Amino acid sequence: MITFLSGGTGTLALIRGSRQILHDSDIAVVASTAGDSWVSGSHAAPDIDAAIFLFAGILDTGRWWGIRGDTYATHNYLPKVAGGEPFPVGDRARAVQIARTNLLRRGMTLTEAVQAQCRALSIGATVLPATDTEAGVLVDTGTERLPLFEYWTCAAADTEVRELIPATREPPVTDAVRVVIEASDAVIIGPDNPARGILSILDCAGMRDLLSDRFVVAVSPFSGDVAPDPKDAALMYAVGEKPTSYGVFRLYRDAVDVFVQDLHDPDEIPGSLRLETHLLHDRQAESLAWDIMAVIRHAVS
């Protein structure tokens, strides 16, 4: 089994490529809960849902969240009845949120609720939240505190980010996550901005200890030849690092065995593996997946 740590869009693209060489039953995804929040009374979990939608074959891969072809009748009608939402929630995506909310209110943990929804959608992969504890992150802009996903989808590109504030510091990793990681041949940290979601996974109590016993490959989301998104840069600066591969390496180095950076990346990181990391289409994602799997098979054989 291969476990992916996912907290953004880059890992999802890499997973899609990996599905060409791995059975879904051999894939586990530990998804960040940093973007979780409550929207219109329902539990929104963008990173969890994106993984579920990917394996269900319904993910909107144009933006890497939400359901492809979804409608927005409820979202569009809310302002007419003195309502409103910070970001658009599709009607089918809202049904997923409502169903999960009802499962949580019946006493299920977040892990149990996600597993129930995966079974309902006949998903063969294992999709798990990193923690069952409320661990959403607020973005302090100096004038207000926005839920992380609201900042990402709605804030202006030049919005200041002073601090990232987690709802819970060092929430415990779940038993289910512990089981899949211990059963995995390797763990892959995909090319997601660490500050957007991956750090919230690594900061779960017990996670770094778990990774110390596994072979871990991390892929930098920054290539040097492409300017980082302003919001990606702001989030990285908020956690005290530059939006560069070296900044990512500094955040991961105690947990990673192989650090992958792009062929054209100007950062010189001793011992790193240079690969083509741009994932603009499926073939690039599949090629990167093949390269990473070759490294894993060599290391664990």
- Task: For residues that are in a loop (DSSP other than H, G, I, E, B) and not β-branched (Val, Ile, Thr), scanning just the stretch 1-22, find the one that is nearest to residue 215 (Cα to Cα).
- Result: 1
- Query: Among (1) touching a residue at least 24 places away in the same chain (Cβ under 8 Å); (2) under 21 Å from residue 59 (Cα atoms), where does residue 113 come up short?
  - Reply: (1)
- For the stretch 42-80, enumerate the residues that are among the small types (Gly, Ala, Ser) and modelled with pLDDT of 95 or more. 42, 44, 45, 50, 51, 56, 57, 66, 69, 73
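Having 2 or more residues that are modelled with pLDDT under 95 is the bar; report the helices (runs of 4 or more DSSP H) wholly within the stretch 81-180 that clear it.
148-154
Consider residue 238 carefully, then state whether it is touching a helix residue (DSSP H, G or I) at 6+ places or on another chain (Cβ under 9 Å), modelled with pLDDT of 95 or more and surrounded by fewer than 21 Cβ atoms within 10 Å (Cβ to Cβ).
Answer is yes for this residue.
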- Item | Residue in the stretch 272-285 that is over 21 Å from the mean Cα position of the chain (by Cα), within 25 Å of residue 200 (Cβ to Cβ), buried (at least 17 other Cβ atoms within 10 Å of the Cβ) and in contact (Cβ under 8 Å) with a residue 12 or more places away in the chain present | yes
- Among the listed residues 260, 226, which satisfies the condition of being outside any loop (DSSP other than H, G, I, E, B) and either modelled with pLDDT of 95 or more or closer than 24 Å to residue 35 by Cβ (or both)? 260
- Note on the structure: Checked the stretch 128-166 for anything crowded, with 16+ Cβ neighbours inside 10 Å and either of a type in the set (A, V, I, L, M) or in contact with a Cys (Cβ under 8 Å, 6 or more places away or on another chain) (or both); matches are 128, 130, 131, 135, 137, 138, 139, 146, 148, 155, 161, 164
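Take the residues in the stretch 181-223 that are part of a strand (DSSP E or B) and of a type in the set (Gly, Ala, Ser); name whichever of them is surrounded by the most Cβ atoms within 10 Å (Cβ to Cβ).
Here the residue is 218.
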- Query: Is it the case that residue 293 is at pLDDT 95 or above, over 25 Å from residue 173 (Cα atoms), within 21 Å of the chain's Cα centre (by Cα) and in a helix (DSSP H, G or I)?
  - Reply: yes
- Message: Against the condition surrounded by fewer than 22 Cβ atoms within 10 Å (Cβ to Cβ), within 24 Å of residue 235 (Cβ to Cβ) and without any contact (Cβ under 8 Å) to a residue 60 or more places away in the chain, how does residue 60 come out, does it pass?
- Response: yes
- Being touching a strand residue (DSSP E or B) at 6+ places or on another chain (Cβ under 7 Å) and touching a residue at least 40 places away in the same chain (Cβ under 8 Å) narrows 225, 267 down to just 267
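The values are calculated or read from the model by the stated rules, or taken from the named source; none is laboratory data. Keep in mind that this is a model prediction, so the values were computed, not measured. Counting neighbours? That spans all protein chains shown, and the Cβs are built from the backbone with ideal geometry, glycine included.
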